[in-house]
Ligand SMILES: Cc1ncc(C[n+]2csc(CCOP(=O)(O)OP(=O)(O)O)c2C)c(N)n1
Ligand SMILES: Cc1ncc(C[n+]2csc(CCOP(=O)(O)OP(=O)(O)O)c2C)c(N)n1
Ligand SMILES: [Mg+2]
Ligand SMILES: [Mg+2]
């Protein structure tokens, strides 16, 4: 056995990760399919192709651990156990949505599931997630605060300020960086020099690791190791996983044709589909897969139905007093 | 001879560095002495104890190279050749000051000397200095842009954003970090984990080095090496030098008694006085030292006289139109 | 009469940049996505090919540092144009804008000016929500040393952007997303429309409607429709909200004696209050009735179209306010709007019927 | 009558924090220098010793991230107090303040409030210059979701800070440096002075002077001195500039029919314009004469005492403005001021005669 090789992942975890991954995939594909109806009237950033990371990381978490995210948050919300109906209703702008329709796809929250919020200002939730861990420390609580971010987000100063502060006080923060090579349509070489982001986190004293984000079990195993470190109060950790976004930065379509990346690059990554890879490892029966898909299909249809049947928020929600808690 | 040992610094450089260092020391001691007259009605951040860095770095620069700095800028301004009279007049708030009295001690500038400005928002001038280098690259100019900053300033996100951008485009930027252990009265361990700032710059791909900031010749030699690297367009460099501020963070007094640092720590550092160390190496004659001191004394007295004789700016300077260039 | 050349605001802005870069080699442009295939809503398309990488830059997601770097470039004699696809992102750079760009010229004794244009897209529509649609012109207009430009017509978008690039001061150039889609006649040559001069887009005698950017287009439509109620409204398109063209404002009010200010921002502390205050602290007696203002309710922007419908002022709101100021019956407005074919088909949260989302 | 307890504003603020921390274990405080020997102008002295490191924190120079972290703590059920020794430093954190703190409650459907106080020192004096003295209250007051508090009297500084800490919303608490030095009677017990309620510090019938923070102290002195000119000025100390206490403002103007607003900020786009606009868009007929406002000239703050002398409004400026509004002869003002012993000795750029610089 190779040195440092992680112990094999147990079957029940594989199955759960698979379920999560497939569910995210099917939800987002449904969104993509129905988006042209123009009833989801807000920007949507799909994570199709990247779901292995959300699924792998969240499988390693406990219920009490918290998750926050940014603009591309559907997968993180769902993997952490966020309510599907409320998410779809939110994207439809309905009063039954997780933000009562005030947020749209870019603002997800499910306090029951300890998904503590996602917002679309790049980097904006990073220090907030660090603050959750800081408060936990002050209150002597033990949950870990996980923050998902893109590789582009590491260009924001607030990311670096957050690394410093999290390490300074050895906070229970897990930074998960999804490197999908692009920020919108801009490739890395117009934004960052040859540098490794793990190197930067390491220079700040954090535990670091990196891996293949399209291998959900690798993600799971590496997250577990990082969580062990964090839970022993040695300090925060930063993990980076490489992956690829299949569809356009924002919206339901494929966009390889517009010229910022090549069809070959896309095809190369598509071959590494995290879902297909996991199916191979899981050796699930055709019957299992079919029945799971059909169950999920029903659940998803119901969620869309729920959203479409829900009312829009009332005019009375446009009331300046609602800007303040009382 | 030890490997990698820098070649010995030539005598004329030693002498020039000594002059610069002594001049800064004497200017700042005069400020400290006269400040209680309450005619310099603005905050002053003295660099007494830290002058070796300014003197060593600037000796290695060419006239065309530019320098920017922050709140503690007197030494950098003077070492780069900024006009003494205009600086003192500025601190006195007079119309003959380098900012016409509008800036005070925390805003110094001397375009003739290519000292391109200092401002007191921590980190504020870092990206501007990077911008000078960027513009130089666009215009195919060859000067190096030097930015002085404190170790506390590396906690600001904008510092990290600037490292990334400078390295991305291999800009001719030299970052000089003066580590004096404190940010105002706050020690490092309330602000940063065990981390080396050179490690962070290195992780961003920069050339890095560190050294004893109270040894002006070491500073000079290390700066020269870094400049060689920068001038060959390999990219920016980050140098950190350890040192110590003798007097209070802001103002003319000693403040070891107030309790944020110990008298012993202070005494330990005072023994490493960069001026005394350089005098030993320089083996200057007593006569030379005395005559230099007396020459400088006269120059400084004249500068203060000039400032005190100068008028305050006119009331007509309070004119909203002056906020805009035309 | 020369043939008209009808193009939209985005094309007009692109042309302003193109012609400025052609004329003056010190002009360069930088921003997230500037060279990408979408070209910032089409406003920067093709520029990199034409002017090379050395003048057309993408950038890291580092709004504050990048603002500092363009200030550095500006004091080096360059004329940078920095672009933010949403104003909201520029909030990360307010330190550099307010502490440095705005003050550099005065605080260093007038030695170095900062000829910098920062384009920021503002606006509404398509569920952008609280963090992607803010109209914070009041914030910038409060800062001495900044100029703030808010064009409405494509021809102004072009002329004002050229003037902003030529101006030796930092200019915040705010582009409402929907003026990118507005069309109009735009001269082909390079021309500068002076900053600080308002434009009377419709003459009238009963009331002065002061507005800017997209709301100036709405105000103009409203004023035109009000003709059928025998209301003659004069529409002042500010173009620049800092400096304000007080002379034109006062001249119009002298004629009409009534004032409505329409802004795209939160009412509380907005620019509308500043305009009203300038009038009443110097010329209150000109007013025959109380002045009025329209803006957003003081509430973060919701995403749902079910809510934005009530959140944004529009032609109808403006028409009603005018009737209020004039104490005229506003009940015919519904019918006027219902009968106007140009207003039918388009949903309230898109700039035109062909818009498909999702940006 | 109970004996008076005269303390200064800094001590009152310290006491407010101390008592709040004692009462509520979810309150904690963080800021650059909070535990240091100077204790933020004395306002945090001794707190670390009393409440330990776990509740009294210093911090890295990371204004934006630290604002995010306290938001995170606030939505975790804590009540953080974040301190900036100058408002100017907080410009680095406007992203977190405007995009997150202000909007979190509404945009997430009212599920999580952000009980956060951000103390920022504003003010003038001793050559602080363009980047260390800004009064940007208008900027915060424009943002829905924020409350903005500006105390003047020590007793208010205490009561309003306690109320701000107890408030479930983000509160920007602006402390003019010179109110730290102002003294007054301050009750010893813990008490909250409600946010959003103005205070009439002097009754009068000829004119209403509306002000806040340090300028409210100056306005009060000016109003007292104006008595000798037989001018009866009513002084309204706003205490909170968002929300504004419109009712008290209108009630006072109903009585006096005249209005002067005195602010410590740049006039253009300042809060004074908002107040005047609220009055004239709803109650213009109450005004017998044109309203007026006083603020800073629209120019970055210079450092030289030779310039600040003309830059800052003061008792004399206020008195003159009152005379202007009332169309009274202002020539006796010089003499009144010259003869007042309390105004002699103190230079214009220090809060009191004992001040020695250099902060
Ligand atoms: C402060 C800020 N700047 C710019 C944007 C525009 N923007 C939205 S998503 C995005 C890309 C971020 O890239 P990355 O972090 O790699 O995430 P990815 O989209 O690749 O998942 C950008 C630039 C923003 N929302 N916020
Ligand atoms: C953005 C900002 N935050 C805080 C301050 C207050 N401040 C002035 S100097 C200083 C210390 C900076 O420390 P360092 O960079 O180590 O420089 P040193 O004073 O030690 O030379 C601080 C915190 C400031 N001026 N700007
Ligand atoms: Mg990415
Ligand atoms: Mg230091």
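The values are calculated or read from the model by the stated rules, or taken from the named source; none is laboratory data. Fair warning: this is a prediction, and the values are worked out from it, not measured in the lab. Cβ atoms come from the backbone with ideal geometry, glycine included; neighbour counts cover every protein chain shown.
So here's what we get for this one:
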read-out: Filter result for residue A:295 (free of Cβ contacts under 8 Å to residues at least 60 places away in the same chain, over 25 Å from the mean Cα position of the chain (by Cα) and more than 14 Å from chain C (Cβ to nearest Cβ)); value: no
read-out: Qualifying positions in the stretch C:22-52 - in a loop (DSSP other than H, G, I, E, B) and either within 24 Å of residue C:65 (Cβ to Cβ) or within 16 Å of ligand 1 (Cβ to nearest atom) (or both); value: C:26, C:32, C:33, C:34, C:35, C:36, C:37, C:38, C:43, C:44, C:52
read-out: Pick from the stretch B:119-134, criterion under 15 Å from residue B:235 (Cα atoms) and touching a helix residue (DSSP H, G or I) at 6+ places or on another chain (Cβ under 6 Å), ranking: farthest from ligand 2 (Cβ to nearest atom); value: B:134
read-out: Residue in the stretch A:233-241 that is over 17 Å from the mean Cα position of the chain (by Cα), surrounded by fewer than 20 Cβ atoms within 10 Å (Cβ to Cβ) and either within 14 Å of another protein chain (Cβ to nearest Cβ) or at pLDDT 95 or above (or both) present; value: yes
read-out: Matching residues, the stretch B:164-179, being surrounded by 24 or more Cβ atoms within 10 Å (Cβ to Cβ) and within 16 Å of ligand 4 (Cβ to nearest atom); value: B:175, B:176, B:177, B:178
read-out: Which listed residue, of A:87, A:138, is more than 14 Å from residue D:100 (Cβ to Cβ), more than 7 Å from every other protein chain (Cβ to nearest Cβ) and away from ligand 4 (no atom under 16 Å from the Cβ); value: A:87
read-out: Output for the stretch C:338-355, where each listed residue is surrounded by 13 or more Cβ atoms within 10 Å (Cβ to Cβ) and within 12 Å of chain A (Cβ to nearest Cβ); value: C:347, C:348, C:349, C:350, C:355
read-out: Residue list for the stretch B:114-135, filter: at positive phi and either within 16 Å of ligand 4 (Cβ to nearest atom) or more than 7 Å from every other protein chain (Cβ to nearest Cβ) (or both); value: B:114, B:123
read-out: Sole exception among (1) in contact with a helix residue (DSSP H, G or I) (Cβ under 8 Å, 6 or more places away or on another chain); (2) over 20 Å from residue B:69 (Cα atoms); (3) within 14 Å of chain A (Cβ to nearest Cβ); (4) away from ligand 4 (no atom under 15 Å from the Cβ) for residue B:161, by number; value: (2)
read-out: Some residue of the stretch B:185-206 being surrounded by 20 or more Cβ atoms within 10 Å (Cβ to Cβ), away from chain A (no Cβ under 11 Å), over 15 Å from residue B:54 (Cα atoms) and in contact with a strand residue (DSSP E or B) (Cβ under 8 Å, 6 or more places away or on another chain); value: no
read-out: Those helices (runs of 4 or more DSSP H) lying entirely in the stretch D:241-359 with at least 1 residues over 20 Å from the mean Cα position of the chain (by Cα) and touching a residue at least 60 places away in the same chain (Cβ under 8 Å); value: D:305-311, D:315-326, D:333-339
read-out: Residue A:146 being in contact (Cβ under 8 Å) with a residue 40 or more places away in the chain, outside any loop (DSSP other than H, G, I, E, B), within 7 Å of another protein chain (Cβ to nearest Cβ) and away from ligand 3 (no atom under 16 Å from the Cβ); value: no
read-out: Complete set of residues in the stretch C:89-102 that are within 21 Å of the chain's Cα centre (by Cα) and either part of a helix (DSSP H, G or I) or facing chain B (nearest Cβ under 7 Å) (or both); value: C:89, C:90, C:91, C:92, C:93, C:94, C:97, C:98, C:101
read-out: Filter pass, residue C:73 being part of a helix (DSSP H, G or I) and either surrounded by 23 or more Cβ atoms within 10 Å (Cβ to Cβ) or at pLDDT below 95 (or both); value: yes
read-out: The stretch D:12-27: number of residues that are closer than 20 Å to residue D:86 by Cα and more than 21 Å from the chain's Cα centre (by Cα); value: 0
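Residues are listed down the side, and each one gets a yes or a no for (1) part of a helix (DSSP H, G or I); (2) away from ligand 1 (no atom under 16 Å from the Cβ); (3) away from chain D (no Cβ under 14 Å); (4) over 27 Å from residue D:133 (Cβ atoms):
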| residue | (1), (2), (3), (4) |
| --- | --- |
| B:9 | no, yes, yes, yes |
| B:17 | yes, yes, yes, yes |
| B:20 | yes, yes, yes, yes |
| B:29 | yes, yes, yes, yes |
| B:35 | yes, yes, no, no |
| B:55 | yes, yes, yes, yes |
| B:63 | no, yes, yes, yes |
| B:68 | no, yes, yes, no |
| B:95 | no, yes, no, no |
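Quick grid of which residues meet (1) surrounded by fewer than 23 Cβ atoms within 10 Å (Cβ to Cβ); (2) at pLDDT below 95; (3) within 22 Å of residue B:277 (Cα to Cα):
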{"position": "B:1", "(1), (2), (3)": "yes, yes, no"}
{"position": "B:9", "(1), (2), (3)": "yes, yes, yes"}
{"position": "B:23", "(1), (2), (3)": "yes, no, yes"}
{"position": "B:42", "(1), (2), (3)": "no, no, no"}
{"position": "B:50", "(1), (2), (3)": "no, no, yes"}
{"position": "B:55", "(1), (2), (3)": "no, no, yes"}
